[in-house]
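> Have a look at this one.
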Amino acid sequence: MSEDEYDYLFKIVIIGDSGVGKSNLLSRFTNDEFNLESKSTIGVEFATKNIKIKNHTIKAQIWDTSGQERYRAITGAYYRGAVGALLVYDITRQSSFQNIEHWLKELRDHADPNIALMLVGNKSDLEETSRAVSTEEAKEYAADSKMLFFETSALDSTNVSQAFYTAFEEIYNTVPKSVT
Ligand code: GDP
């Protein structure tokens with residue numbers, strides 16, 4: 001099957017504070033790449049990867065803010081048509097966890113009310129030295145806000161594909177296929 005043959009196309013957005021690892025989660029999942037330097041340029045808007053879920057080919061179209069959150073310049077177009085959202089914080093930075101509330105509000109204001117939500121605590125490789133947000137606290141918060149939850153490391157790949165696959169499985173199971 002070529003890149004252009006697929007059964008469903010699902011758009012998801014990755015949001016969260018600047019520096020939490022959104023771009024690296026995307027490049028780890030789609031290209032198996034990691035960059036130590038944070039890219040400050042406005043770059044690619046989305047990347048795609050074909051994945052298999054229950055014998056169907058899903059074209060996963062994953063949007064990255066490309067740094068626009070720094071200037072509070074994310075527009076409604078970013079969220080349009082998204083059936084899932086990954087809300088990312090950095091487990092070593094408490095403020096990025098507290099700001100998830102802000103990102104949920106963004107979704108309430110701009111996204112489809114049925115959007116599938118996943119909370120992602122990234123940089124789990126730093127847990128020994130500098131964890132600032134406990135797994136329990138985040139898990140509880142995710143459950144209260146009806147979000148799936150994973151802790152990941154884009155650096156050492158822990159749980160990255162598991163998180164994306166779980167999000168797409170959830171979408172596959174819940175989204176009305178006629179609208180895709
Ligand atoms: P974004 O602004 O949310 O897109 O974040 P980036 O993907 O640009 O990453 C910001 C910084 O955090 C960069 O210096 C990355 O190398 C680093 N980073 C991203 N993910 C991880 C991770 O899982 N572990 C560690 N230790 N550093 C990470």
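> Fully extended, how many nm does the chain gain between residue 137 and residue 173 (0.36 nm per residue separation, minus their Cα-Cα distance)?
On the way: separation 36, 0.36 × 36 = 12.96 nm, distance 2.73 nm.
That works out to 10.2 nm of additional length.
> State, as an integer percentage, the relative contact order of segment 97-180 based on alpha-carbon contacts under 8 Å between residues 6 or more apart. Write down the numbers at each step before the final one.
Details: 62 pairs, mean separation 26.3, N = 84.
The normalised contact order for segment 97-180 reaches 31 percent.
> To continue, here is another question. If you place +1 on the Cβ of every Lys and Arg, -1 on the Cβ of every Asp and Glu, and leave all else neutral, what size is the dipole of the chain about its Cα centre, to the nearest 20 Debye? Walk me through the intermediate numbers first.
Details: 19 positive and 27 negative charges, 92 e Å.
Dipole size: approximately 440 debye.
> Whenever you get a sec, compute what percent of the accessible area on segment 8-174 sits on carbon and sulfur atoms (1.4 Å probe). It would help to have the intermediate numbers written out before the result.
Numbers: 3860 of 8080 Å².
Here it works out to 48 percent.
> On to the next question. If I model a spin label as a point 7 Å beyond the Cα along the Cα-Cβ vector, how far apart are those points for residue 47 and residue 125 in nm?
The two pseudo-label positions are separated by 1.5 nm.
> Tell me, what is a quarter of the convex hull surface for the C-alpha atoms of the chain, in nm² with one decimal?
On the way: hull surface 40.4 nm².
Averaging across all directions leaves 10.1 nm² for the Cα convex hull.
> OK, next. Order the peptides 127-138, 158-169, 98-109 from the highest to the lowest mean number of other Cβ atoms within 10 Å of their residues. Don't jump to the answer; show the numbers that get you there.
On the way: 127-138: 12.9, 158-169: 19.2, 98-109: 15.1.
Top of the packing list down: 158-169, 98-109, 127-138.
> If you don't mind, another one. Any idea how far the Cα center of segment 6-36 sits from the one of segment 134-180, in Å?
13
> Given a Förster radius of 30 Å and the C-beta distance between residue 109 and residue 36 as r, what FRET efficiency does 1/(1 + (r/R0)^6) yield to the nearest 0.05? Don't jump to the answer; show the numbers that get you there.
Details: r = 34 Å, r/R0 = 1.13.
Plugging the Cβ-Cβ distance into 1/(1 + (r/R0)^6) gives 0.30.
> Compute the relative contact order of segment 8-174 as a whole-number percentage, counting only Cα pairs closer than 8 Å that sit 6 or more residues apart in sequence.
Working: 302 pairs, mean separation 42.9, N = 167.
That works out to 26 percent.
> Could I ask something else about it? Which residues' amide hydrogens lie under 5 Å from the amide hydrogen of residue 9, considering only partners 5 or more residues apart or on another chain, with H built in the peptide plane?
Amide H to amide H, under 5 Å and 5 or more residues apart or across chains, residue 9 pairs with 59.
The values are calculated or read from the model by the stated rules, or taken from the named source; none is laboratory data. Remember, predicted model here, so these are calculated numbers, not experimental data. FYI the Cβ positions are ideal-geometry reconstructions off the backbone, even for glycines, and counts take in every protein chain you see. For accessibility, only protein heavy atoms count, side chains too; no ligands or nucleic acids. Shrake-Rupley method; radii C 1.70, N 1.55, O 1.52, S 1.80 Å.
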